[in-house]
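The values are calculated or read from the model by the stated rules, or taken from the named source; none is laboratory data. All of these numbers come straight from a predicted model, not from anything done at the bench. All Cβ positions, glycine included, derive from the backbone under ideal geometry; neighbour counts span all protein chains shown. Heads up: the accessible areas ignore ligands, DNA and RNA and are worked out on the full protein's heavy atoms, side chains in. Shrake-Rupley method; radii C 1.70, N 1.55, O 1.52, S 1.80 Å.
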Amino acid sequence: MDIAHDRDLVRRMRGGDERAFDEFFDAYYPRLYRFAAARVRLQDAAEDIAQATLVIAIRKAGTWRGEAALLTWLCTICRHEIAAYCRRHDYREVSVLDDVPEVRAQLEALAARMEGPQQQRERQDVARLVQLTLDYLPTRYGDVLEWKYLQGLSMREIAERLDTTTKAVESLLTRARDAFRDGFTTLSGVEP
C-alpha cells in the first residue's frame, strides 16, 4: 500500500469505519504473522504476536504520523511484541536478514516503488487463489506446505511433527507441491 492509502485507511479506522478495520486486518495480519513466524518459528506464538500487534496498532493508530509506511510502523510494534514474548518464555528470537537496518531500508524502498494500486490488487488476487488452493488440498498437504514455506521448518522438524522419516517428508512434500501446482493452475490458468 502507498502512504496516501495508509493515511486514508487509518483515518477511516479512527472514524469507526468497520470496512476499514476489515481491510486493515486482511492486509496486515498475514504479513505480520509471517514476520513473527520467521522470528519465533512457533505457529501459535506467531498468531498471538500478530494479533497483539494489531490490537496495539488499532489502539495507538493516532500516534502513527504517516512519515513511513504503515507496515514499517506495524513491524516496529511487532518487534516489541516478539521481544516481550521471548523474554516471557525464555525463548531466543531467530535472526533474519531483514532485521539488518540497511537491508530493511532497501526492501522498504523496493516495495514502495513497486506497489501501486494495480500491483496491490494483483497480489491480493494471487493471495486469495493461494489460500483457496491450500484450503482445498488434503489437510496433510496444506500442513506440510505451510510448515515448510511459511514457518520455514526443516525436513527434520517436519518429520518430528509427523512422527516419520525425512525421506517420507520429502515424498509428501513433493506430492503436496504437485497437488498445489495442479490446483492453483486450475483456478488461475497460470502455472505458479
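Starting from segment 21-48, keep only residues that are within 15 Å of residue 70 (Cα to Cα), then list their pairs with residues that are buried (at least 16 other Cβ atoms within 10 Å of the Cβ) and among the hydroxyl-bearing types (Ser, Thr, Tyr) whose Cβ atoms are within a distance under 6 Å, requiring at least 6 positions of separation or different chains.
Taking only residues 6 or more apart or on different chains, the pairs are 32/53.
Working only within segment 11-57, note down all residues that are among the charged types (D, E, K, R) and closer than 18 Å to residue 150 by Cβ.
Those that are among the charged types (D, E, K, R) and closer than 18 Å to residue 150 by Cβ: 26, 31, 34, 39, 41, 44, 47, 48.
Which count do you get for residues in segment 126-170 that are open to solvent by less than 80 Å² (accessible area, probe 1.4 Å), within 21 Å of residue 32 (Cα to Cα) and of a type outside the set (A, V, I, L, M)?
Number of matching residues: 7.
Residue under question is residue 68, and the condition is that it be assigned to a helix (DSSP H, G or I) and of a type outside the set (Phe, Trp, Tyr); does it hold?
So residue 68 fails the test.
For segment 171-182, indicate whether the set of residues that are surrounded by 15 or more Cβ atoms within 10 Å (Cβ to Cβ), β-branched (Val, Ile, Thr) and either in contact (Cβ under 8 Å) with a residue 40 or more places away in the chain or over 30 Å from residue 6 (Cα atoms) (or both) is non-empty.
Looking through segment 171-182, none of the residues is surrounded by 15 or more Cβ atoms within 10 Å (Cβ to Cβ), β-branched (Val, Ile, Thr) and either in contact (Cβ under 8 Å) with a residue 40 or more places away in the chain or over 30 Å from residue 6 (Cα atoms) (or both).
Spot the failing condition for residue 5; the list is (1) open to solvent by 30 Å² or more (accessible area, probe 1.4 Å); (2) assigned to a helix (DSSP H, G or I); (3) modelled with pLDDT of 90 or more; (4) not aliphatic (A, V, I, L, M), and only one is missed.
(3)
Show the residue pairs that are 6+ apart or on different chains and have beta-carbon atoms under 7 Å apart, the first residue being within segment 128-139 and among the β-branched types (Val, Ile, Thr), the second being part of a helix (DSSP H, G or I) and surrounded by fewer than 17 Cβ atoms within 10 Å (Cβ to Cβ).
Partner pairs satisfying both residue conditions: 133/187.
Give me the residue from segment 8-59 that is assigned to a helix (DSSP H, G or I) and among the basic types (Lys, Arg) and, out of that set, least open to solvent (accessible area, probe 1.4 Å).
39
Scan segment 139-154 residue by residue and report those that are within 14 Å of residue 176 (Cα to Cα), at pLDDT 80 or above and not acidic (Asp, Glu).
Those that are within 14 Å of residue 176 (Cα to Cα), at pLDDT 80 or above and not acidic (Asp, Glu): 139, 140, 141, 142, 144, 145, 147, 148.
Select from segment 122-152 the residues that are closer than 16 Å to residue 174 by Cβ and either in a loop (DSSP other than H, G, I, E, B) or among the hydrophobic types (A, V, I, L, M, F, W, C) (or both) and list them in ascending order.
Selection gives 137, 138, 144, 145, 147.
Looking at segment 86-96, is at least one residue of a type in the set (Phe, Trp, Tyr) and in contact with a Phe, Trp or Tyr (Cβ under 9 Å, 6 or more places away or on another chain)?
Checked segment 86-96: at least one residue is of a type in the set (Phe, Trp, Tyr) and in contact with a Phe, Trp or Tyr (Cβ under 9 Å, 6 or more places away or on another chain).
The rows are residues; the columns are (1) at pLDDT below 90; (2) over 14 Å from the mean Cα position of the chain (by Cα).
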residue: 15; (1), (2): no, yes
residue: 19; (1), (2): no, yes
residue: 29; (1), (2): no, no
residue: 32; (1), (2): no, no
residue: 36; (1), (2): yes, no
residue: 51; (1), (2): no, no
